[in-house]
1. Pick from region 234-287 the residues that are hydroxyl-bearing (Ser, Thr, Tyr) and closer than 19 Å to Leu348 by Cβ: which of them is modelled with the highest pLDDT?
2. Quick check on region 336-344. Is at least one of its residues in contact with a Phe, Trp or Tyr (Cβ under 7 Å, 6 or more places away or on another chain) and either free of Cβ contacts under 8 Å to residues at least 40 places away in the same chain or of a type in the set (A, V, I, L, M) (or both)?
3. Do we find a residue being closer than 26 Å to Asp142 by Cβ, exposed (fewer than 14 other Cβ atoms within 10 Å of the Cβ), touching a helix residue (DSSP H, G or I) at 6+ places or on another chain (Cβ under 9 Å) and not aromatic (Phe, Trp, Tyr) anywhere in region 70-81?
4. Any idea which residue in region 285-332 is nearest to Gly210 (Cα to Cα), counting only those that are among the hydroxyl-bearing types (Ser, Thr, Tyr) and part of a loop (DSSP other than H, G, I, E, B)?
5. Please enumerate the residues belonging to region 439-473 that are surrounded by 24 or more Cβ atoms within 10 Å (Cβ to Cβ), out of contact with any Lys or Arg (no Cβ under 6 Å at 6 or more places or on another chain) and in a strand (DSSP E or B).
6. If a residue counts only when it is touching a strand residue (DSSP E or B) at 6+ places or on another chain (Cβ under 9 Å) and within 22 Å of Thr356 (Cβ to Cβ), which strands (runs of 3 or more DSSP E) contained entirely in region 171-274 have at least 2 such residues?
7. Taking the conditions exactly as written (surrounded by fewer than 24 Cβ atoms within 10 Å (Cβ to Cβ) and not β-branched (Val, Ile, Thr)), does Ala141 satisfy them or not?
Amino acid sequence: MASTVPSVPTKLVDVEVATSTRRNVPAVVLAATGPALGPGGDGIDVSDLTGKAGEAVRHDEAWTLGVGTGTLADYRTAGASLVRALSGEDAPRTADVLLTPDFDAEKVRAFVLGAALGGYRFKVTGEDGPARVGSLRLITADDGFEEVLTSAALKAHALATATSLARDLANTPSNVKDPRWLATTAAKLADKVDGLHATVRDEKWLAQQGFGGVLAVGGGSARPPRFLELTYGTTGPHLVFIGKGITFDTGGISVKPADGMHLMRTDMAGGGAVISALLAVARRRLPVRVTGLVPCAENHVSGSAYRPGDVVRHYGGATTEVQNTDAEGRMVLADAMAYAVKNLKPDLVVDVATLTGAMKVSLGLRTGAVFSASDDLAAEVVAAGANVGEKWWRMPLLEEHVSAVASEVADYKQCPPGPGGITAALFLQKFVGDVPWAHLDIAGPARSEKVYDEVVAGATGFGARTLIELAEKYSR
């Protein structure tokens, strides 16, 4: 019987670096703003070209590809646009991209990232997908630089593979993707990677251990919650990445408006980023110890759903007064964070979640929010994102709102009054103790309704690359 969803993970365009072109293979000539053509451009009519990043034009057997002013964002856009252009009925199986002499490792990483992700497609259909170029060869004239560029291309493809998997997991419709599916799919993928171990716990274990937040959120669904733990490495700093794994979010009794609810299949995008990052770290054999925790639950409406006014006891004993059942992400993250601090002795905790609509208002749809009490850690996250093409902006943990987290009937209020993204972060901070911690709110950039740069409509996979780059920084 055919699967109701595309295979996971999605196959990406392959990229290699070489010093020679191939016979009977289309050549791609790079065009900077102007336009100014690179190698192979002799005889090409430039009268209708601008060199704008992503401008892909066919000239008989060759192509020109605009790379703009040569920023890394321009190269990501160019790579993505090329793969999209080399699609359709007459799509070539492969193409040679003639690099300009100024190409370095950073530019190769940006170009390959765009090329690998630009042709991403996730569609549940009984029809064959459109033909697409299967591979690209990047041609450098510098024999001594081939190895450096190859290494850069391999790293970029690993980052793209992680991003693509995070997209796959988030795009999978929720009639397929329940908590069990998400956790077991991650575990099956982990089993194929040396050094990565997966443990999936069920609702009985969660009840025995006192994961009150996860059980409360998942209590309204006929499909019970799960807790995924991925472990890699035994030496070096111990990083713990925690991702929100809400496989569908109705809002619970505090039900969401109908408009936009169908997008809530991507509400586990933080969990998808963590799963993908752990797989990539293990595949690259980074010398660091990383644990990934993903509390998985479906927030549904039923007679067994948790209610506003309930008091929930989290792992470790702290209690929370529920005020809005649609603020479910912080309930499951609180359990996982308390579990990490008590049992894993982490040197660093980073949680990733599509947590608050407030961050969409504050930062728009292409920038993630970083909350941390540590100036250095916040700067590390922003820098890691910049290195891999993900934008972050630090938000404040305002002292004047700390007292609002206290509850009169429990230890904490789930939804303290004040600016929503900030007070949500202040609530989570209560469960991390003295461990260095960063909270990444990706509610805005986790999904897109249009194509831009290497992003396509749907889940974006945002956050996975930043986590991988952060792990690499701590492995040096």
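The values are calculated or read from the model by the stated rules, or taken from the named source; none is laboratory data. Nothing here was measured: the structure is a model prediction, and the numbers come from that model. Here the Cβ is made from the backbone with ideal geometry for all residues, glycine too, and neighbour counts use every protein chain on show.
1. The residue in question is Ser276.
2. Within region 336-344 (the criterion being in contact with a Phe, Trp or Tyr (Cβ under 7 Å, 6 or more places away or on another chain) and either free of Cβ contacts under 8 Å to residues at least 40 places away in the same chain or of a type in the set (A, V, I, L, M) (or both)), the answer is yes, since at least one residue qualifies.
3. yes
4. Ranking the candidates gives Tyr315 first.
5. His439, Leu440, Asp441, Arg447, Val455, listed by residue number.
6. 238-243, 245-249
7. yes
Residue by residue, here is whether (1) touching a Gly at 6+ places or on another chain (Cβ under 8 Å); (2) surrounded by fewer than 14 Cβ atoms within 10 Å (Cβ to Cβ); (3) without any contact (Cβ under 8 Å) to a residue 24 or more places away in the chain; (4) within 26 Å of Gly461 (Cβ to Cβ) holds:
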| site | (1), (2), (3), (4) |
| --- | --- |
| Val29 | yes, no, no, no |
| Thr50 | yes, no, yes, no |
| Glu55 | yes, no, no, yes |
| Asp60 | no, yes, yes, no |
